[in-house]
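What follows is a single structure, written as structure tokens, with notes after it.
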Amino acid sequence: MKRIVIMVLALILTVGVAYAQDYNKDHAHFKVDLNFAKNPPTVGTNDFVINVRDSIGKPITSADIAVNYFIKGQKSAAKECKIIPPHGAESMAELEKTAYKSKIDFCSPGLWTMVVEIKFEGITEVAQYDIRVE
């Protein structure tokens, strides 16, 4: 019986880790890490943090960050969410210490696209993420 309980707990922990998503992108000028407070994100309001670092790893704290998001391939769900692809909804991320924080409201489960636009010292880079929302 003890073995069964241990196996079930191990399975639950493995499944939990398997569904957690990692959102890291390296670009020519920036390294961008996107982290959700709830991972994986769920339907409803989700807090997230964007860390932007230069090519040597130093945090960039004076960038302008814009986030655009839309649901992929489900136009009916997008209309219910009052989001019209490809424009989607937009959120501005605000700097707190060395990271940019914001909230995003996913109105239905499924695969969403998040586009993070970073502008810093005349350079603009875009990081695109596929987000699985439960």
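Side notes on the structure shown:
- Residues in the range 61-93 that are at pLDDT below 85 and of a type in the set (D, E): E80, E90.
- Filtering V5, V32, V15 for residues that are hydrophobic (A, V, I, L, M, F, W, C) and modelled with pLDDT of 50 or more leaves a single hit, V32.
- Cβ-Cβ under 9 Å pairs, at least 6 apart or on other chains, the range 108-122 side in contact (Cβ under 8 Å) with a residue 40 or more places away in the chain and farther than 16 Å from N46 by Cα, far side aromatic (F, W, Y) and in a loop (DSSP other than H, G, I, E, B): I118/F30; F120/F30
- Pairing residues of the range 34-60 that are of a type in the set (S, T, N, Q) with residues that are not in a strand (DSSP E or B), at Cβ distances under 6 Å and at least 6 apart in sequence or on separate chains, gives N39/A20; T42/E134; N46/K38.
- Under the condition of being outside any strand (DSSP E or B) and either more than 19 Å from D22 (Cα to Cα) or in contact with a Pro (Cβ under 8 Å, 6 or more places away or on another chain) (or both), the residues counted in the range 94-134 number 7.
The values are calculated or read from the model by the stated rules, or taken from the named source; none is laboratory data. As the structure is a computational prediction, the values presented were derived from the model and not from experiment. With ideal geometry, Cβ positions are generated from the backbone for all residues, glycine too; neighbour counts draw on all protein chains shown.
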